[in-house]
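Read the structure below first, then the notes.
The values are calculated or read from the model by the stated rules, or taken from the named source; none is laboratory data. Quick caveat: nothing in here was measured; it's all calculated off a predicted structure. Virtual Cβ from ideal backbone geometry, glycine too; neighbours counted across all protein chains shown.
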């Protein structure tokens, strides 16, 4: 038989006894163990892989593809790119050539996420460096979110996710929720906010509420990536930085790169989250016709359980330094929490 076109980590041994050739004749292909979905297309100048996690699940592991005649750009690595079909953004990656002659890449895909792996047949641009990392000090807050002043300085490898907190949360008038800003140390669904206890209309809020926080960027130097991850969102988030709307996030992973937009000094982060109408429909189902604010032909009953809505997190910032950058003085600090990450 012919070697499989794409494998997830752990598949090689299982397929060694009876390897089967799989190409782009039909979609989706699956790897035999992990259920990873993929298809490949060769065009002039590049090979394209469309890759998605198993249905209903995320994927985290190493994949490998058949080695072609792609040029080696650094040691045993081959230059490639990951393309996001939702945002149109790309980032360079380096495929590691394995002892078996395949090309390997660690890959993390959220549930329902998908991407393109593009392997050019000739070098283009600046390649990423495979397997590189640096050590970055973390001061003022532990990984568990200990307040500033109570945690000793420690170290973390590049790519450590630093929690952002606290937030202030505001709701619009006219829908039963208090309009005064609510201070949040811990994120929770709107229905479970302590400020809404004893207020069934507030607990059933449906619409858009706004979260605000800040962080300090202490240098003008740009990192390769300053990844903002919102964790779990129910259901849509519009992210703004320093008054500039950056992107609407409507599917996992709820994340984006802030590096092109961050500025030296204090940065104000705003996240406007919109939930579904379900909870308000549940509340209004128990109201008189005159008191209702929403109507539908076939909505939920008044006894239906409320669903989680809002920003559930965890919200984190992850600094990925440029490959050539050495450890230095530039730091990232979460406003109010005293976190700094050089």
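The set of residues from the range 175-184 being touching a helix residue (DSSP H, G or I) at 6+ places or on another chain (Cβ under 8 Å), outside any strand (DSSP E or B) and either at pLDDT below 95 or surrounded by fewer than 20 Cβ atoms within 10 Å (Cβ to Cβ) (or both) comprises 175, 176, 178. Taken over the range 295-307, the residue count meeting the criterion of being touching a residue at least 12 places away in the same chain (Cβ under 8 Å) and either crowded, with 16+ Cβ neighbours inside 10 Å or out of contact with any helix residue (DSSP H, G or I) (no Cβ under 9 Å at 6 or more places or on another chain) (or both) is 4. Tallying residues that are part of a loop (DSSP other than H, G, I, E, B) and under 21 Å from the mean Cα position of the chain (by Cα) within the range 232-275 yields 13. Among the residues of the range 276-291, those identified as touching a residue at least 60 places away in the same chain (Cβ under 8 Å) and outside any helix (DSSP H, G or I) are 276, 277.
When the range 82-105 is filtered for residues that are part of a loop (DSSP other than H, G, I, E, B) and surrounded by fewer than 19 Cβ atoms within 10 Å (Cβ to Cβ), the ones remaining, listed by number, are 84, 85, 86, 87, 88, 89, 98, 99, 100, 101. When 144, 152, 128 are screened for being surrounded by 17 or more Cβ atoms within 10 Å (Cβ to Cβ), out of contact with any helix residue (DSSP H, G or I) (no Cβ under 9 Å at 6 or more places or on another chain), part of a loop (DSSP other than H, G, I, E, B) and modelled with pLDDT under 50, only 128 passes.
Per-residue answers, yes or no, for (1) surrounded by fewer than 18 Cβ atoms within 10 Å (Cβ to Cβ); (2) at pLDDT 95 or above; (3) out of contact with any strand residue (DSSP E or B) (no Cβ under 7 Å at 6 or more places or on another chain):
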{"residue": "173", "(1), (2), (3)": "yes, yes, yes"}
{"residue": "191", "(1), (2), (3)": "no, yes, yes"}
{"residue": "208", "(1), (2), (3)": "yes, yes, no"}
{"residue": "227", "(1), (2), (3)": "no, no, no"}
{"residue": "240", "(1), (2), (3)": "yes, yes, no"}
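Of the residues 269, 281, the single one that is at pLDDT 95 or above, over 18 Å from residue 207 (Cβ atoms) and either touching a helix residue (DSSP H, G or I) at 6+ places or on another chain (Cβ under 8 Å) or buried (at least 16 other Cβ atoms within 10 Å of the Cβ) (or both) is 269.
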